[in-house]
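Down below is the structure, laid out as structure tokens.
The values are calculated or read from the model by the stated rules, or taken from the named source; none is laboratory data. Worth saying up front: this structure is predicted, and the values here are computed from it rather than measured. Heads up, the Cβs are rebuilt from the backbone with ideal geometry, glycines too, and the neighbour counts pull from every protein chain shown. Ligands, DNA and RNA are stripped out before the accessible areas are found, and what is left, the full protein with its side chains, is counted by its heavy atoms. Shrake-Rupley method; radii C 1.70, N 1.55, O 1.52, S 1.80 Å.
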Amino acid sequence: MGSKGVELTGAEIVVRFLRDEGVKYVFGYPGGAVLHIYDALYKQEEVQHILVRHEQGATHAADGYARATGKPGVALVTSGPGATNAVTGIATAYMDSIPLVVLTGQVPTHLIGNDAFQEVDSVGVTRPCVKHNFLVKDVRDLALILKKAFYIATTGRPGPVVVDIPKDVTAAKAKYVYPKEIQLRSYKPVTKGHIGQIKRAVKLLVQAERPMIYTGGGVILDGAAKPLTELTRLLGFPITNTLMGLGGYPGTDKQFLGMLGMHGTYEANMAMHHCDVLLAVGARFDDRVTGNVEKFCSKAKIIHVDIDPSSISKNVRVDVPIVGRVSDVLGEMIRIIKEKKLKPRREALAAWWRQIEEWRATECLKYQYSDEVIKPQYVLEQLYKVTRGNAFVTSDVGQHQMWAAQFYKFDKPNRWINSGGLGTMGFGLPAAMGVQFGHPRSTVVCVTGEGSIQMCIQELSTCLQYGLPIKIVNLNNRYLGMVRQWQEFFYQGRYAMSYMEALPDFVRLAESYGHVGMRIEKPADVVPALEEAMKLKKRLVFMDFITDQTENVYPMIPAGAGLNEMILV
Amino acid sequence: MRRIISLLLENEAGALSRVAGLFSARGYNIESLTVAPTEDPSLSRMTIVTHGSDEIIEQITKQLNKLIDVVKLQDLTEGAHIEREMLLIKVRAVDADREELMRLTDIFRGSIIDVTGQTFTIELTGTGEKLDAFIQAVDNELILETVRSGVTGIARGEKCLRV
Ligand SMILES: Cc1cc2nc3c(=O)[nH]c(=O)nc-3n(C[C@H](O)[C@H](O)[C@H](O)COP(=O)(O)OP(=O)(O)OC[C@H]3O[C@@H](n4cnc5c(N)ncnc54)[C@H](O)[C@@H]3O)c2cc1C
Ligand SMILES: Cc1ncc(C[n+]2csc(CCOP(=O)(O)OP(=O)(O)O)c2C)c(N)n1
Ligand SMILES: [Mg+2]
């Protein structure tokens, strides 16, 4: 690389590069193979290292940071067990297309392949769950590989990239210059959609009688809530979001029909089933959304906008594929509609809305309030009110996740943070830490269950160390509720291993970690507890809500059924 | 349908396992896979023979294109192309069989490249079908060992797969 630059060790190059790349936080955990890098971190102040309590927490925290800020998350772990512990977090980010760069230490190059102490083939182990990965064999390649890693992680369809760095590479020296630009001959993500296809799509849209817009995580990842909202209002069409797409369109708007899919609303699923033109944007026709693909939108012409060609026509054949960035393609659609003064079919649309309002009138999310026992839905409804819909909400996985998605209305993107694709229990708390670092002055709530929270509970210690005032809403039903629900519906109530025995006293547990704990057992205490917790601006508050044990999530589409075959309450 | 997909790959350690891993992780079929460096040492050329419905083939090409190490891809079976595979076969060759095997090799335009008192080793190049036909034609009892290179291929005419 010529003679320019300063001579640095590999470890110094890593840290200097992170600084030059604009990285503020690295979530990590030290160990032998990364000690040089920790030493280099110690000697500077620009890149702040956050010490987690388990490497899974590091990757989830970096992931939460990325989801809430749109910037790449960075994690640093040691070789062997450090790397394998990080895998769950890497896979979680991979399934939801989240930009992460994970640096893993590796044994010295001359020991690779020798079953050396704490050696694991990290590149091999992570290969199926990364967008790409690298093993750095020469310190002279280090800066360029790091640049490639950030470039690949954050462009096109984002995803995690692992850079495996042997210890001797971090000790060796090379000239360092920050590589500003990078070109890869084998990787050139498309951005602009094909104009002919966009015109065909617009034509279909304005001619539609029963149109529907279905959008997903791609809108959030692209920062495209604005053009999506503008287009949807311009057309006056109904819109639904996937679990990953919530907040892409204002959740309180009347054109919004709620989430679709397995636990989506009646109106969203019925509108999907009966529509004649479907505009799918940055969504990947997941099986939780389509139900039985044979019956999915069988009457509709489908337009699909996605940056990843392999998402298009993977599960459902589409009529108008458009490969490109959401913001570019929707921007183009808006321009065409305005320029040509195109108008949707007013009367047909009015009739369609009348039909939708009928479906909406079933009030599929209603539940029986009780004075005796706390209904989980009630807690979330009140959480929404007390936080005025302004909180960042992370969640774990299970019934509580679905209720949070249904009852907390997100008007803004990047505020609903959950593991959709992998469905990783344990995600919620560490993800909330990342979110809080990204938005230090905002309210960050972690909605969880007594099962999930115990999967990464150790991070309560990290929260104390860094003074993270996260509000934990534990919907404690003493059951692995989602599992229990399936056992009730599909296994004749044989509740195998879904009852959570021997639970800790969460109040005392929180207190022993130096936080505030609350146990809430009566419906009347729900709001006061939430209000009090929100007032404790500087403290982490663990609210243990003792909820109805046997409440189920409705509506529900059983596996293999069509979107019009929902189980209602 | 059977397809021959040609790839130009970055000549990086691990590129082969990314392709192989993709096929096993997504449950795609591989009939054969060959790979070797090209005249440009930074690139390898890979030829994959696979089969599946049109939808599956579409996914295979999209997923391959998505791999960061894949520089370029061509489905040879979409146009006129030439397909070749090499067979090395060791056969027991004694008495009258020697004469018969020599004639057969001639008919198939193969060549005998190693000889002992007891055996011949025959080299034959052609399409997979031709190699199958040759193996069929040889008395099964005589076959001691077969090695096939796997299919390689190239487009006919002026069409090229290059960067
Ligand atoms: C217990 C449980 C229950 C669930 N129930 C439901 C349910 O009822 N309903 C539901 O919807 N989900 C549900 N899910 C989530 C589900 O598993 C999927 O994660 C989710 O449906 C996928 O959302 P998505 O289609 O928006 O895709 P994402 O995974 O968010 O993918 C984003 C898509 O956008 C594309 N993209 C990315 N960036 C861009 C860009 N810049 N421009 C254009 N395109 C881009 C990507 O290529 C990809 O195709 C559930 C999950 C769990 C754990
Ligand atoms: C790591 C992991 N293991 C297992 C599962 C399967 N699973 C999905 S939901 C669930 C129950 C979650 O229980 P809890 O956190 O108490 O939430 P609830 O459903 O009761 O609200 C389980 C075990 C999973 N998603 N993730
Ligand atoms: Mg539970």
In debye to the nearest 20, the charge dipole size for region A:14-152, taken about the Cα centre with +1 at each Lys and Arg Cβ and -1 at each Asp and Glu Cβ, equals 340
1/(1 + (r/R0)^6) with r = Cβ-Cβ of A:ARG494 and A:ASP319, R0 = 51 Å, i.e. FRET efficiency to nearest 0.05, evaluates to 0.70
List, in order, the whole-Hz ³J(HN,Hα) value for each residue of region A:517-530 obtained from phi through the Karplus relation with A = 6.51, B = -1.76, C = 1.60 and θ = phi - 60°; use x for Gly and Pro.
x, 9, 10, 10, 10, 10, x, 5, 8, 4, 5, x, 5, 4
For the protein assembly as shown, radius of gyration divided by Kirkwood radius, i.e. Rg to Rh on alpha-carbons:
1.03
Three-way shape call for region A:383-454 based on the alpha-carbon gyration tensor, with the a/c threshold at 1.5:
oblate
Ordered by packing density, taken as the mean number of other Cβ atoms within 10 Å over each peptide's residues, highest first, how do A:189-197, A:125-133, B:64-72 rank?
A:125-133, B:64-72, A:189-197
Rounded accessible area per residue of the protein assembly as shown, 1.4 Å, Å²
43
Using 7 Å Cα-to-Cβ label points, what is the A:ARG185/A:ALA524 separation (nm, one decimal)?
7.6
With each pseudo-label sitting 7 Å past Cα toward Cβ, what's the B:ASP54-A:ASN114 distance in nm, one decimal?
5.6
Listed peptides A:507-518, A:447-458 by packing density, highest first (mean Cβ within 10 Å)
A:447-458, A:507-518
Within 10 Å of each Cβ in peptide B:92-101, how many partner chain Cβ atoms are there on average? Round it to a whole number, please.
0
Calculated diffusion of chain B, Stokes-Einstein form, Kirkwood radius summed over Cα pairs, 4 °C and 1.567 mPa s, µm²/s:
74
Indicate the gyration tensor shape class of region A:281-323 (rounded, prolate or oblate), computed on the Cα atoms with a ≥ b ≥ c the square roots of the eigenvalues: a/c under 1.5 is rounded; otherwise a/b larger than b/c is prolate and the rest oblate.
oblate
Would you mind getting me the FRET efficiency between B:GLU129 and A:TYR178? Use the beta-carbon distance for r and R0 = 45 Å, nearest 0.05.
0.20
Would you mind checking the pairs A:LYS192/A:LYS299; A:LYS338/A:LYS412; A:LYS301/B:LYS62; A:LYS137/A:LYS173; A:LYS137/A:LYS167 and listing those with alpha carbons more than 19 angstrom apart?
A:LYS192/A:LYS299; A:LYS338/A:LYS412; A:LYS301/B:LYS62
Using a/c under 1.5 as the rounded threshold, could you call region A:251-293 rounded, prolate or oblate? The axes a ≥ b ≥ c are square roots of the C-alpha gyration tensor eigenvalues, and prolate needs a/b larger than b/c, oblate otherwise.
rounded
Need one number: buried accessible surface between chains B and A, 1.4 Å probe, both sides summed, DNA, RNA and ligands left out, in Å² to 100.
1500
How much of the accessible area of region A:463-505, probe 1.4 Å, is carbon plus sulfur, in whole percent?
57
Once normalised by the length of chain A, the mean sequence separation of its alpha carbon contacts under 8 Å that are 6 or more apart gives a contact order in percent of 14
Which FRET efficiency, nearest 0.05, do A:ILE567 and A:GLU46 yield, Cβ-Cβ r, R0 60 Å?
0.65
Protection proxy ranking of A:93-104, A:425-436 - average other beta-carbon atoms within 10 Å, highest first
A:425-436, A:93-104
Area of A:PHE392 that stays accessible when all protein chains are in place (1.4 Å probe, Å², to 10)
10
Work out the mean other chain Cβ neighbour count within 10 Å for the residues of A:132-143 and drop it here as an integer.
1
Order B:MET86, A:MET482 by their accessible area, 1.4 angstrom probe, all chains in place, largest first.
B:MET86, A:MET482
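Convex hull volume of the Cα atoms in region A:335-478, per residue, in Å³?
169
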Can you work out the Karplus-derived ³J(HN,Hα) for every residue in region B:36-44? Use 6.51 cos²θ - 1.76 cosθ + 1.60 with θ = phi - 60°, whole Hz, and x for glycine or proline.
7, x, 10, 5, 9, x, 7, 10, 10
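Tell me the mean residue ellipticity at 222 nm calculated for the protein assembly as shown from its helices only (DSSP H runs of n ≥ 4, each -39500 (n - 2.57), averaged over every residue, nearest 500).
Helix-only estimate at 222 nm: -10000 deg cm²/dmol.
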Once the in-chain neighbours fewer than 8 apart are removed, the lysines whose Cα is under 21 Å from A:LYS522 read A:LYS366, A:LYS375, A:LYS385, A:LYS471, A:LYS535
Nearest 5 percent is fine: what portion of the DSSP beta bridges confined to chain A is antiparallel?
10
How large is the Kirkwood hydrodynamic radius of region A:1-113, in angstrom, based on all distinct alpha carbon pairs?
14.5
Which percent of the accessible area of region B:1-154 is formed by carbon and sulfur heavy atoms (probe 1.4 angstrom)?
50
Karplus 3J(HN,Hα) series, Hz, for region B:14-26 with 6.51 cos²θ - 1.76 cosθ + 1.60 (x for Gly, Pro):
x, 4, 4, 5, 5, 5, 4, x, 4, 5, 6, 5, 9
Translational D in µm²/s for region A:84-169 (Stokes-Einstein at 10 °C, 1.306 mPa s, Kirkwood Rh from C-alpha pairs):
122
